[in-house]
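Have a look at the structure below, then the notes.
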Amino acid sequence: MRKIISMVPAACLVFAAILSSPAYSAPQSRPNGPWVNNQQNVSLAALRSYEQLWQTLRQIDSSAKGSFVLAPAPRQSQTGRDIPVVTIGEGPRNIMIIAQQHGNEYVVSEAMVELVRDLSDNSRESRDIRSAVTLTVVPRVNVDGFDAEVFDTFGNGTPWRQNYDPSFISSPLPPFYQRGRGYDINRYHSYLESADVDPYTGGTNPVPESVAMRMLYDERQPEVVIDFHHQGSYVDGEGDLITGSTLWPNAEAAAQELGVEDRFNDAVSLAKKVVSVMVTELDQYGYANITRYPGTTTPGIARNAYGLLGAGSVLFEMRGGIGTKSNGYITKTAYKAAKSVVAAMADSSLYTADIAVADALPDRGPFIRAPNEEEEAADE
């Protein structure tokens, strides 16, 4: 059973004192780490480059035992790279899973490769899933922000959160652009009449990766969309590190303005069932500690945009900000969470999941940083 933990005032005071200290070395969490002391010097050697990602997916394709299609997304990235899309199965129920919209949130991409590898084998479970479900997986949406050879106006190279857009490198900037660099992909998913509509101005959507994901959505019409990210390091009320945080759509005001409240409410209900399935699965493992993510109501975020369009849309944020350290448990957690939903959709148990499990999730606790280092918390 899940242990529900509530924040206590004393713990809040302790963490506030920690965060206000310019330098500290006392343990702040259980476990105390792992940590990375300089994100700019993180080695990506253990992760698949853009070319290696395509190579690995082609290798899986060549040995796949069932329906498996590897193809580029409908639009290329800002620098002209193809974004890999894997489609597994031929079942009547559709689910879409995307990862690494932010280039510096990279371990979840490895988890999606493992999911693709697993479901392409000849096991009875995989065959049953493929006959019931059509799964669309985009393991790395932001192929440029991870390892493209581009530099912002300050001389910084990738990996970045954003993707580079030379059209907007100085003020005034469109919404959710970083000066000297470019845009946040996860703010430009159109929930309006077409993928090409800018969700903020009504003009042309300037973000090709977001357009590509919406075009995939329109083509596949998935019931469920799951978006995997990384967050920083957070703790619960007892000082235990939070493994991941999750949330369903919360753009109620936009739904009301658009006149789609009924559709949106149905999407929220299904999304909570998705969350309940993931949490129930992960509760079996001692390394998982899942909380509710404090997401904003911005309608152009994938979690909200696809909820407004009627999908059970879920955000899942793994612990991040630790480079490639402990990527084994991060990869395993994301993989297990994703597969549990695919399997539950295949055997129909998703539709009877108890949303009380999602509703009972404790709120995410305070952000903590590595000893003797200041670090900003990541955001969805």
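When you work out D = kT/(6 pi eta Rh) for region 156-290 at 25 °C and 0.890 mPa s, using the Kirkwood radius from C-alpha pairs as Rh and the Stokes-Einstein form, the result is 139 µm²/s.
3J(HN,Hα) along region 208-225, derived from phi through the Karplus expression 6.51 cos²θ - 1.76 cosθ + 1.60 where θ = phi - 60°, amounts to x, 5, 5, 4, 4, 5, 5, 5, 4, 4, 4, 6, 8, 6, x, 6, 10, 10 Hz, with x in place of Gly and Pro.
In vacuo Debye scattering of region 250-326, one point per C-alpha: log10 I(q)/I(0) at q = 0.13 Å⁻¹? Scattering profile of region 250-326, log10 relative to I(0): -0.47.
3J(HN,Hα) along region 180-185: x, 9, x, 9, 8, 4 Hz, from the Karplus curve 6.51 cos²θ - 1.76 cosθ + 1.60 with θ = phi - 60°, whole Hz, x for Gly and Pro.
Charge dipole (Cα centre; +1 on Lys/Arg Cβ, -1 on Asp/Glu Cβ; no other charges) of region 114-217 amounts to roughly 140 debye. Karplus-based coupling profile of region 70-78, in residue order and whole Hz: 10, 8, x, 5, x, 10, 7, 6, 4, with θ = phi - 60° in 6.51 cos²θ - 1.76 cosθ + 1.60 and x standing for Gly or Pro. Under 5 Å between amide hydrogens, built in the peptide plane, is the criterion, and for Val224 it picks out Met96, Gly312 among residues at least 5 positions away or on other chains.
Debye-formula intensities of region 97-219, expressed as log10 I(q)/I(0) at q = 0.10, 0.15, 0.21 Å⁻¹, are -0.38, -0.75, -1.15 (one equal scatterer per alpha-carbon, no solvent). Per the Cα gyration tensor, region 58-148 maps to an equivalent ellipsoid with semi-axes of 25, 13, 12 Å, ordered largest to smallest.
Once backbone amide H atoms are built at 1.01 Å from N, Val85 has Ala71, Ala73 as its partners under 5 Å, excluding neighbours fewer than 5 places away on the same chain.
No value in this document is a laboratory result; all are computed from the given coordinates. Fair warning: this is a prediction, and the values are worked out from it, not measured in the lab. Positions of Cβ are backbone-derived with ideal geometry, glycine not excepted, and every protein chain shown enters the neighbour counts.
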